[in-house]
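The values are calculated or read from the model by the stated rules, or taken from the named source; none is laboratory data. Nothing here was measured: the structure is a model prediction, and the numbers come from that model. Every residue, glycine as well, gets a Cβ built from its backbone with ideal geometry; the counts of neighbours run over all protein chains shown. Surface areas here come from the heavy atoms of the whole protein model, side chains and all, with no ligands, DNA or RNA. Shrake-Rupley method; radii C 1.70, N 1.55, O 1.52, S 1.80 Å.
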Amino acid sequence: MSQRQILQVFEQYQKARTQFVQTVADLAARLQNTETLQNAGVMSLLRPLLLDAVPTIQQTAALALGRLANYNDDLAEAVVKGDILPQLVYSLAEQNRFYKKSATFVLRAVAKHSPELAQAVVDCGALDALVISLEEFDPGVKEAAAWAIGYIARHNAQLSQAVVDAGVVPLLVLCIQEPEIALKRVAASALSDIAKHSPELAQTVVDTGAIAHLAQMILNPDAKLKRQVFSALSQIAKHSVDVAEMVVEAEIFPAALVCLKDPDEYVRKNVATLIREITKHTPELSQIIVNVGGVAAVIDYLGDSKGNVCLPGIMMLGYVATHSENLAMAVILSKGVPQLAICLEEEQEDHIKAATAWAFGQIGRHTPEHAKAVAVLLVFPKLLNLYLDTESSEDLQVKAKKALKSILQKCTYLPALEPLLYEAPSNILKHVICQFSKVLPHDSKARRLFVTSGGLKKVQEIKAEPGSAIQEYINAINSCYPEEIIRTSHIADVLLHQDIFPLHFHPLLKPHSPCTFIPNNAPQGHTALGLLSS
């Protein structure tokens, strides 16, 4: 056999390997083929090709494995059990940039599914290899490595700490300074995944100077980059007052507010999330956001958003209102309450309604003026219906009930309270009756309206335990009226057909008794002060 014939055998073998691995990679690109490929033992066939003498075959084999592992955790688990990861890690330091990108793709595809699989990637020594890849000249290799690091770090604090201990964070900060937009995106995302787990991890990111570099990119025209930048800033800011103040000191406001009108809904949502994470900490931080127009901007954002995109904005308004009467009034004056009422009416998801109910509670719980701002928009019946609706989630019922009670305890706007006399269960009704017992003794016009509207009659129909709090409130209300008014079941008729005189003018009764009356057969010479005028 001639030398040419011998070499031809090797060429045919190489062509066969190349054709096989390319075909498998193409088949692996479609989900419906994965089960058949796995049953055919594709993992064990691809493994030796990772060490093939031909770089193209190595690269394509890694690509095929990455595509398979990317689909589900069973296939990723098969990669781990096949001892493929150590081969990939070993080859990362030796091969060309094309192979490195494919091998890193496999590591990312395995790590993304669960903490256990991500830990398997760490255990095979992948982090050291990924750090080396982050130092590569080629931006594509850096991007692939940063992506894999982010997928490892996102699962829990322990894995994030392993990433930090490997010395990744300073290299990621260098990556966000590179000119390539795709590399900036992935590096910012990885920093976000690291920072989100704990104050200590966030502080590590802060200590490398990441905030300043992220802040410089908030107005970048690339929407996907802005998503990751605002996500990273919010994950940093959420942990403590100190880091939130550092984010604010980076002078991202008011410029960041422009992004609340960005065409990309994820940019808008991440900006609102950042503002929420800042305002939740202290009144001072909330005041800064109010001063730069943040509350009004978020309210406009809510008007243009639906579904989960609304959630951070709703919560932000609640956090601002929580801190003080003045901040809650800033939300009211910015027309926040009508917008929240629209959200409560139109949103379908229970968790969004629950957040809205909570926000109402934070706004209305401060003073009667705050409570009235909520009450005049007929929010009470809506909250009551959500509380009583058996189809509402437990969290929604709890938050609606708590909000209703906290606002009722400050509400002195009786027209909004009276409908609740007919609909509220006893545990809510108690607070309604309490507010009437506080207001009626000092407001003659309210006493008159309470009678003519049928409210007083309804109070008499309430069955309360003797000595209970609600009975005490009813007694306080009844003491504002003459016994004849209380006894009759036709209160309105009595008022229309009798003259009611102040009882303290009657010579036979105790002088200066507040809120007491006599009928029109009183001795002559006593002046009528009008209907329930006492």
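Just subtract the alpha-carbon distance of Asp389 and Asn308 from 0.36 nm times their residue separation and send over the number in nm, one decimal.
Gain in length upon complete extension: 27.0 nm.
Under the definition of Cα pairs under 8 Å and six or more residues apart, what whole-number percent is the relative contact order of the chain? Mind showing how you got there, number by number?
On the way: 802 pairs, mean separation 30.2, N = 534.
Here the relative contact order equals 6 percent.
If I take the Cα coordinates of region 1-160 and project them onto the principal axes, what are the three extents in Å, biggest first?
63, 37, 22
Can you give the accessible area per residue of the chain, in Å², using a 1.4 Å probe?
On a per-residue basis, the chain sits at 46 Å².
Can you give the extra length, in nm with one decimal, that the chain gains between Glu461 and Glu349 once fully stretched, where that is 0.36 nm per residue apart less the Cα-Cα distance?
So the chain would gain 36.6 nm between Glu461 and Glu349.
Work out from phi, with θ = phi - 60° and the Karplus expression 6.51 cos²θ - 1.76 cosθ + 1.60, the ³J(HN,Hα) of each residue of region 415-420, listed in order in whole Hz, and give x for Gly and Pro.
Residue by residue, region 415-420 yields x, 7, 7, 4, x, 5 Hz.
If I model a spin label as a point 7 Å beyond the Cα along the Cα-Cβ vector, how far apart are those points for Glu265 and Thr367 in nm?
In this crude spin-label approximation the distance works out to 3.9 nm.
Counting other Cβ atoms within 10 Å of each Cβ, which trypsin sites (Lys or Arg not before Pro) in region 2-78 have at most 16 and sit in a DSSP loop?
Arg30
Can you order the peptides 346-354, 406-414 by their average number of other Cβ atoms within 10 Å per residue, highest first?
406-414, 346-354
Distance in nm between label sites at Gln216 and Ser44, each 7 Å beyond Cα in the beta-carbon direction?
5.4
Please list 335-342, 287-294 highest first by mean number of surrounding beta-carbon atoms within 10 Å per residue.
335-342, 287-294
Round to a whole number: what % of the accessible area of region 277-410 belongs to carbon and sulfur, probe 1.4 Å?
The C+S portion of the solvent-accessible surface of region 277-410 is 50 percent.
At Tyr422 and Asn475, where each label point lies 7 Å from the Cα along Cα→Cβ, what is the point-to-point distance in nanometres?
3.0
Per residue Cα convex hull volume for region 277-410, in cubic angstrom?
Working: hull volume 11.8 nm³, N = 134.
Once divided by residue count, the hull of region 277-410 is 88 Å³.
Starting with the highest mean, order 469-476, 311-318 by the number of other Cβ atoms within 10 Å, averaged over the residues of each peptide.
For the peptides 469-476, 311-318, the packing ranking is 311-318, 469-476.
Do the alpha carbons of any pairs in Lys399/Lys438; Lys112/Lys238; Lys224/Lys372; Lys101/Lys226; Lys15/Lys100 sit beyond 32 Å of each other, and which pairs?
Too far apart for the 32 Å limit: Lys224/Lys372.
With an 8 Å cut-off on Cα pairs and a minimum separation of 6 or more residues, tell me the relative contact order of region 277-410 in percent.
Details: 183 pairs, mean separation 30.2, N = 134.
Rounded, it is 23 percent for region 277-410.
Length gain on complete extension for the stretch Asn33 to Lys402, per 0.36 nm per residue less the alpha carbon to alpha carbon distance?
Value of the extension gain: 127.5 nm.
Taking 41 Å as R0, compute the FRET efficiency from the Cβ-Cβ separation of Val9 and Gln158 and round it to 0.05.
Here the calculated transfer efficiency is 0.20.
Accessible area of Tyr151, 1.4 Å probe, to the nearest 10 Å²?
So the heavy atoms of Tyr151 present about 40 Å² to solvent.
Taking a spot 7 Å from the Cα of Gln177 along the direction of its beta carbon, which residues of region 239-258 have an amide N less than 19 Å from it?
What the label zone holds, given the 19 Å backbone N cut-off, is 250-251.
Do the sum for the chain: with -39,500 (n - 2.57) for every DSSP H run of n ≥ 4, divided by all residues, what is the mean residue ellipticity at 222 nm, to the nearest 500 deg cm²/dmol?
-20500 deg cm²/dmol
Ignoring everything but the protein chains, give the 1.4 Å probe accessible area of Thr322 in square angstrom, nearest 10.
For Thr322, solvent-accessible area is about 40 Å².
Considering all alpha-carbon pairs of region 214-315, what whole percent are spaced by more than 25 angstrom?
Of all Cα-Cα distances in region 214-315, 8 percent exceed 25 Å.
Report the paramagnetic label zone for Lys81: residues of region 30-58 whose backbone N is under 19 Å from a point 7 Å from Cα along the Cα-to-Cβ axis.
Answer for this model: 34-48.
If you average over every viewing direction, what projected area does the convex hull of the Cα atoms of the chain give, in nm²?
The number I arrive at for the chain is 33.8 nm².
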